[in-house]
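Right, one structure below, let's go through it.
The values are calculated or read from the model by the stated rules, or taken from the named source; none is laboratory data. Note that this is a predicted model, so its numbers are computed, not measured. In this analysis, Cβ positions are derived from the backbone assuming ideal geometry, glycine residues included, and neighbour counts consider all displayed protein chains.
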Number of protein chains: 2
Amino acid sequence: MPPQSTLDIQAARARTSFDPQVLHRVLLSGHKDPDVRKRVAQLLADDPAFDKRSRPYLSRAQQIERGLSTTKALFDLVDRHDLDHGEYLEALVSAMDEPIGLNLHEIAFAPVLASQGSDEQQAEWLPKCYHHEILGAYLQTELGHGSNVQQLETTATYDSKTDEFVLHSPTISATKWWIGALGVLATHGVVQARLFIKGKDHGPHLFILQLRSLEDHSLMPGIEAGEIGPKVHSAMGSVDNGWARFNSVRIPRSQMLSRFASVDPKDGGTYITPPHSKLSYGGMIFIRAQMISNLSWREAKAATISLRYLHMRRQFADPELNPGEERVEKQVISYPGVYMRVVPELANCIVFMLAGKDMANLYHSMASRLSTGDTSLLASTHAVSSGLKVYVSTRVVAGIEVFRRSMGGHGMLASSGVGRVFATELPAQTYEGENGVLSLQVARAALKSLAAAVAAKGGSNHSKAKLATSPFDAYLSALDPRPALPVQAPSTPEGWTDRAFLTRLLALRAALSVVRLADQMRSAGKKFGDLSWECADVSDAVVEAFLAKRTGEMLDALEGAGDKERDVMQRVVTLFLLSTLTNALAPLLELSILAPSAAADLRAAQAAAARALLPDLVGLTDSFGFSDWELDTAVGNADGAVYERMLEKAKADEELNLGSKQEQERLYRTYIRPVLERGRKRAGRTGAKL
Amino acid sequence: MPPQSTLDIQAARARTSFDPQVLHRVLLSGHKDPDVRKRVAQLLADDPAFDKRSRPYLSRAQQIERGLSTTKALFDLVDRHDLDHGEYLEALVSAMDEPIGLNLHEIAFAPVLASQGSDEQQAEWLPKCYHHEILGAYLQTELGHGSNVQQLETTATYDSKTDEFVLHSPTISATKWWIGALGVLATHGVVQARLFIKGKDHGPHLFILQLRSLEDHSLMPGIEAGEIGPKVHSAMGSVDNGWARFNSVRIPRSQMLSRFASVDPKDGGTYITPPHSKLSYGGMIFIRAQMISNLSWREAKAATISLRYLHMRRQFADPELNPGEERVEKQVISYPGVYMRVVPELANCIVFMLAGKDMANLYHSMASRLSTGDTSLLASTHAVSSGLKVYVSTRVVAGIEVFRRSMGGHGMLASSGVGRVFATELPAQTYEGENGVLSLQVARAALKSLAAAVAAKGGSNHSKAKLATSPFDAYLSALDPRPALPVQAPSTPEGWTDRAFLTRLLALRAALSVVRLADQMRSAGKKFGDLSWECADVSDAVVEAFLAKRTGEMLDALEGAGDKERDVMQRVVTLFLLSTLTNALAPLLELSILAPSAAADLRAAQAAAARALLPDLVGLTDSFGFSDWELDTAVGNADGAVYERMLEKAKADEELNLGSKQEQERLYRTYIRPVLERGRKRAGRTGAKL
Ligand SMILES: Cc1cc2nc3c(=O)[nH]c(=O)nc-3n(C[C@H](O)[C@H](O)[C@H](O)COP(=O)(O)OP(=O)(O)OC[C@H]3O[C@@H](n4cnc5c(N)ncnc54)[C@H](O)[C@@H]3O)c2cc1C
Ligand SMILES: Cc1cc2nc3c(=O)[nH]c(=O)nc-3n(C[C@H](O)[C@H](O)[C@H](O)COP(=O)(O)OP(=O)(O)OC[C@H]3O[C@@H](n4cnc5c(N)ncnc54)[C@H](O)[C@@H]3O)c2cc1C
């Protein structure tokens, strides 16, 4: 007979109300090709070079080596199976499940060349990139400056005599720092440096720089560089983040990326101003847009492991059993104290998947307008992508930790596999715009939208502000006309599942939060800079209103879904809305959007929505479609058998974990035996007595 | 001239309104001796065996070796400097700053023997423990059961023929798992096993078992054991958590710990029921009581590093400068978006230090009564210690992460030192009672207190319930007489710093939350088990009311404080209360304790309280008294010089991080060169061309 945990997972699967295979394709459609995904993951799984077993046991130096060995193995795989560029990227960025230095080449170096290089520069450099004749890094951040790019200290001084730029690090804090792939791998980099022409400072610009010799990989003259050391929680241990200092390093004028700004050699150097300075924002938006999907699919791994385990874990018999009921222990997923923690996170995760696709569509609309010189969607797309990046990265990281912690003791084991996901995604809150800083921009954009709406109305009366047009400002229409507050709360449980109503509550909350922020600047006379604490809240409120609004579009866009898949997705979205509202209870009550008496009904509705998903939890994890190799877990495999696997693995990995038997014997002789001998002596006894 | 970061930290220090040396002694008084603490930390710092530099670079096997090598080095240090037991424990548990297997001997094995062993057992075993003739582990948790101790599966069957117990692991899930020091170090263990006498199951009891030979450390016959593998985030890498299985292992009857229950050999084995079954709770309470202080002092390390760094980090000039003002960038601690995140966490941390001492006092009162057979304080002390354990561990872990994240990019570096603190404290939420499970007990105790208060009143009218007597129930008196709600909110900012008023709000919130829980069981007819989600909230509410109430006692007990130290501590407590209320805004509004219009004033008061601490932040970190060696950080040292140190460290640690130059050269030849050569070939070029 299979172990209880296998029976439990099978029973859960049998209850599923929809077809996970169908939903799998629905969730991926518009994001990636499910067949490519599966094939590529299988190729990696079959290749011993990508074996994951050793990962948690490695020293930093071994992690670095793993980053390099998988780099080479990946190209071998590409050649052996003749993978195309898309398949190669799927393997590198997604299937491998461990970032390595090479990622920076593809997600930072090459895209910057492609978006900021002139046509000639692209013609020269992109083929080298594409063939990996060179390997690149993106050198922006310095020891002293990350968020404030405008104050970077590295200089690029134009020398008209030689028609060159001189790159230099004038201070310690000008040292480039954090740069992925710079520590060991990269041969080239794009460097942000402050452009000086004839003594005048034109601010940061981008320059292509060869970092290491293509003959022997030694650092080029005038460049000093190294690795910055391990990250917290051993996160991204196989990425060689590096530092670099420049001692008057000369590069030809042609190596300033000049799609937008450039330097004309005439008159000892003349700065050519970019025609549309904001055109260069596109790349940043693209990266952030992609982060939404990626983060949601990473969280989905944590969700899969945790939710399966919580079905297999049994702890405590029901203390309030009726006579005759069997005293078998309950599955911990059945406790409200457990499911009310994890099921809302699952709903978030799935909505973020849909939002990622939605964001990609918004990006493409903007990009196609941009290509015709139309910048009308730029500002709002920038705001949406920034707001979503802040919101989703924060919640995904928190959600992964909820999943981990819900598992009790076994969640603390590296072999459970959730800790690694957490550590890898943790810095998403910090890179591509530190969340605290980025939320300021979202709030500022919201203030602008409000001002525009008011202006369009031709008066300062918010309540009748003209409807905003961008999807990111749509919540403002909740104030037009200004409704009586508190709103009439539903009197039946069904009323609390009316998604339009729930969306309206979130719109009101966002609109009133922005109005309050504007008031604080106007009437309370505060500077925007004094309101950075309030901005974080406003940013969240605006994003929540946006997400709520878009869930309608998202549900409509479920390509390939049957009725049953639609039904479960509707339940997911309803729970998302109710959980979001429950978390926003304080502002909803403070802003008198809801009366205090509605709070209990809201919470009851959220709990009912969570319960409505209970029968489908394992089915939903199946619909994410991760193979056991992808999950790399001892506790969340598709077929259960948790305890058997955990014990098995501890035994099988003994030497990886502790060293060989001989080594273990050495440890005993060197450290333990002397301590015990000392103990015996202190006790005044002879060894023979024991 | 010293670097800017040094000037910044000096300027912050110069602003301090009190004497950090004095406050240091105030904070430690009643907790530990500051001179012993300092001396012991210095001994470790001076001993190369405890050098911390290699830590983040080690493989798991090396971490295990470090655990053992520091074990031996610690005893060498004890012998060399003739440390007494208290100094030895200070070194092991606190100064070393990295848990090792040996901790379990002192905090689990020996205390259990001391509290559960009969006088004869103590006489036999405690000297061996004390001299470290044997090294112990505590084997309770199994693969299948952690929280539910009553369902442990390991059996201890009494064999009357030989007057022995037979220890056995009947299933895979009965495998002992998670057991600290069992993996490699321990020679002995105390094992929880289900006692069977003549076929009757008497539930879990404790047995002393020799695990490994004292001659050669080989496992004793019938025992199979090993290490369970690394923990997430490389947490506690030097602790050898282990597993074990027993195949009919025989031990003499004298090895059942029998202070309370025991087996009499007559009639083929007769179970002797413990006289006061709850007397055995004392040990658990003691451990949880100690966790409060320990957790707060660990968080204090994270606070020190982060707050210092946030004074040294400058990012962005004020965009709204008046003409003539200098465009030097601002210290990030000056942004509300930063200080409103970290200063409340600092206030929590300091209040938890005081609460730890308070808890220790409560424990000692209970223990002294217990020694005379008086169990009257047992239940409430158990509830307080459980509630505080849940509350403080959750907030400390979250707080450490707030401190880390506040630092932006550099907070992600292992060398910043905050990540390690997070990883080490993370499992405190799980061990010594999983927080979700423990909060059920706190809520259940609160329901009992309410019922008792109602019963004492002789009626079911809550509003006139008799005042409760234990400090943990004092909040119930807020309902006697039941006040008109919402309460009258203060009309001035000063009113919002009245600690008695703030405490009353938290008492009302707790009392009404408990009443609501009771109502849900009574009128809504829910079982307690259906309310585990609500229980978490109730547990928090009750603890917050308790902490608020006790801050009065805590401030009175500031031994050795002058007026200035008292003043800053009052500001700390005020911020703690206001932040706690701000976080509880949703229930305060929902329960109509506050009117919506009061919310803005509450938030303003919290912000003002945080600002009132700004000048003293660095002084407060100094008052924690950590040396640079203790902090082990590149970014939070006492003297600033952040960037210089970071760069310096990256250079100095290069070989630890990447391996020798030769190794690095090998990596290039083996992995990077082939990839670049492939790239050149693919591009159809010869190497010579580049
Ligand atoms: C894993 C990782 C990989 C990276 N890879 C690269 C790379 O390949 N290339 C590269 O160039 N960079 C890289 N970076 C650097 C990254 O982009 C920066 O760390 C990031 O931009 C954050 O900037 P910072 O560290 O300066 O944060 P800071 O701005 O110093 O933030 C410190 C604190 O101040 C707050 N703060 C700052 N300004 C304000 C304000 N005006 N108002 C309110 N609060 C404020 C922030 O919210 C934060 O709490 C990487 C970083 C990490 C962690
Ligand atoms: C680092 C570390 C060191 C340890 N060292 C030791 C040691 O030396 N010796 C030893 O014996 N043990 C040790 N342990 C084990 C530890 O005591 C257990 O892991 C802990 O008791 C948690 O139990 P669990 O894993 O069974 O959690 P579970 O009870 O399985 O919890 C799983 C989930 O179910 C929830 N849950 C369970 N029951 C209920 C309920 N009735 N209602 C609502 N929710 C519920 C929990 O909240 C949790 O979310 C250690 C653990 C760790 C992580």
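Considering each residue of the stretch A:402-420 in turn, at least one proves to be within 11 Å of another protein chain (Cβ to nearest Cβ), in contact (Cβ under 8 Å) with a residue 24 or more places away in the chain, of a type outside the set (Asp, Glu) and within 16 Å of ligand 1 (Cβ to nearest atom). Within the set A:ALA91, A:ALA11, A:ALA45, A:ALA49, the sole residue that is crowded, with 18+ Cβ neighbours inside 10 Å and part of a helix (DSSP H, G or I) turns out to be A:ALA91.
Residue count for the stretch B:8-36 under the criterion of being in contact (Cβ under 8 Å) with a residue 60 or more places away in the chain and either of a type in the set (Asp, Glu) or over 24 Å from B:VAL568 (Cα atoms) (or both): the result is 2. For the stretch A:625-646, the set of residues classified as more than 20 Å from B:GLU142 (Cβ to Cβ), part of a helix (DSSP H, G or I) and in contact (Cβ under 8 Å) with a residue 40 or more places away in the chain consists of A:TRP629, A:GLU630, A:LEU631, listed by residue number.
Any residue at all in the stretch B:583-595 that's within 12 Å of chain A (Cβ to nearest Cβ) and farther than 25 Å from A:ALA584 by Cβ?
Here is the first cut: in the stretch B:583-595, the ones within 12 Å of chain A (Cβ to nearest Cβ) are B:583-595.
Going one step further and asking which of them are farther than 25 Å from A:ALA584 by Cβ, we end up with none.
For the stretch B:583-595, residues within 12 Å of chain A (Cβ to nearest Cβ) and farther than 25 Å from A:ALA584 by Cβ: absent.
Taking each residue of the stretch A:223-241 that is at the interface with chain B (Cβ under 9 Å from one of its Cβ atoms) and under 18 Å from A:MET96 (Cβ atoms) and looking for partners that are hydroxyl-bearing (Ser, Thr, Tyr) and part of a loop (DSSP other than H, G, I, E, B) with beta-carbon atoms closer than 6 Å, six or more apart or interchain, yields nothing. In the stretch B:386-395, which residue that is more than 16 Å from ligand 2 (Cβ to nearest atom) and touching a residue at least 60 places away in the same chain (Cβ under 8 Å) is surrounded by the fewest Cβ atoms within 10 Å (Cβ to Cβ)? Filtering first and then ranking leaves B:LEU388.
So is B:ALA500 under 21 Å from B:VAL351 (Cα atoms) and within 27 Å of the chain's Cα centre (by Cα) or not? Before the answer, list the steps.
Values: under 21 Å from B:VAL351 (Cα atoms): yes; within 27 Å of the chain's Cα centre (by Cα): no.
No: the conditions fail for B:ALA500.
A single member of B:ASP240, B:ASP267, B:ASP201, B:ASP216 is in contact with an Asp or Glu (Cβ under 7 Å, 6 or more places away or on another chain) and not small (Gly, Ala, Ser), and it is B:ASP240.
Scanning the stretch B:126-171 for residues that are surrounded by fewer than 18 Cβ atoms within 10 Å (Cβ to Cβ) and more than 16 Å from ligand 2 (Cβ to nearest atom) yields B:LEU126, B:PRO127, B:TYR130, B:HIS131, B:ASP159, B:SER160, B:LYS161, B:THR162, B:ASP163, B:PRO170.
Every test in (1) in contact with a Lys or Arg (Cβ under 6 Å, 6 or more places away or on another chain); (2) of a type in the set (A, V, I, L, M); (3) in a loop (DSSP other than H, G, I, E, B) is passed by B:ALA541 save one, and that test is (3).
For the stretch B:187-208, state whether one or more residues are over 17 Å from B:THR141 (Cβ atoms), at the interface with chain A (Cβ under 9 Å from one of its Cβ atoms) and either not in a strand (DSSP E or B) or not basic (Lys, Arg) (or both). Show your work before the answer.
Step one: of the stretch B:187-208, the residues over 17 Å from B:THR141 (Cβ atoms) are B:187-188, B:195-202, B:208.
Within this subset, residues satisfying the condition of being at the interface with chain A (Cβ under 9 Å from one of its Cβ atoms) are B:187.
Those left that are additionally either not in a strand (DSSP E or B) or not basic (Lys, Arg) (or both): B:187.
Checked against the condition, which is being over 17 Å from B:THR141 (Cβ atoms), at the interface with chain A (Cβ under 9 Å from one of its Cβ atoms) and either not in a strand (DSSP E or B) or not basic (Lys, Arg) (or both), the stretch B:187-208 yields at least one hit.
Taking the conditions (1) under 23 Å from B:LEU620 (Cα atoms); (2) more than 16 Å from ligand 2 (Cβ to nearest atom) in turn, B:MET291 satisfies each one other than (2). On the stretch given as the stretch B:591-610, residues that are in contact (Cβ under 8 Å) with a residue 40 or more places away in the chain and farther than 18 Å from A:ALA524 by Cα total 7.
Determine, yes or no, whether A:ALA355 is at pLDDT below 95 and more than 16 Å from ligand 1 (Cβ to nearest atom).
Criteria not met by A:ALA355.
Cβ-Cβ contacts under 8 Å between residues 6 or more apart (or on different chains), taken from a first residue in the stretch B:540-555 that is closer than 17 Å to B:VAL26 by Cβ to a second residue that is basic (Lys, Arg) and assigned to a helix (DSSP H, G or I), are listed as B:THR551/B:ARG499; B:GLY552/B:ARG499; B:MET554/B:LYS357; B:LEU555/B:ARG566.
What about B:LYS72, is it of a type in the set (D, E, K, R) and more than 13 Å from chain A (Cβ to nearest Cβ)? Taking the combined requirement at face value, the residue does not satisfy it.
Condition first: among the polar types (S, T, N, Q), surrounded by 18 or more Cβ atoms within 10 Å (Cβ to Cβ) and farther than 24 Å from B:GLY436 by Cα. Now tell me which residues in the stretch B:523-577 satisfy that. Even if it seems obvious, please write down each step before you answer.
Here is the first cut: in the stretch B:523-577, the ones among the polar types (S, T, N, Q) are B:523, B:532, B:539, B:551, B:570, B:574.
Next cut, surrounded by 18 or more Cβ atoms within 10 Å (Cβ to Cβ) only: B:532, B:539, B:551, B:574.
Scanning the stretch B:523-577 gives B:THR551, B:THR574.
The one condition from (1) loosely packed, with under 15 Cβ neighbours inside 10 Å; (2) under 25 Å from B:LEU143 (Cβ atoms); (3) more than 7 Å from chain B (Cβ to nearest Cβ) that A:THR670 does not meet is (2).
Only one of B:ALA398, B:ALA452, B:ALA414, B:ALA456 is modelled with pLDDT of 95 or more, surrounded by fewer than 19 Cβ atoms within 10 Å (Cβ to Cβ) and either more than 16 Å from ligand 2 (Cβ to nearest atom) or in the same structural domain as B:GLY101 (by the TED database) (or both). Can you tell me which?
Only one candidate qualifies: B:ALA398.
For the stretch B:211-222, a residue qualifies if it is at the interface with chain A (Cβ under 10 Å from one of its Cβ atoms) and either within 32 Å of the chain's Cα centre (by Cα) or not in a loop (DSSP other than H, G, I, E, B) (or both), and exactly one does: B:ARG212. Which of the residues spanning the stretch A:430-452 are within 14 Å of another protein chain (Cβ to nearest Cβ), of a type in the set (Ser, Thr, Tyr) and farther than 13 Å from A:TYR391 by Cα? Within the stretch A:430-452, just A:TYR431 meets the criteria.
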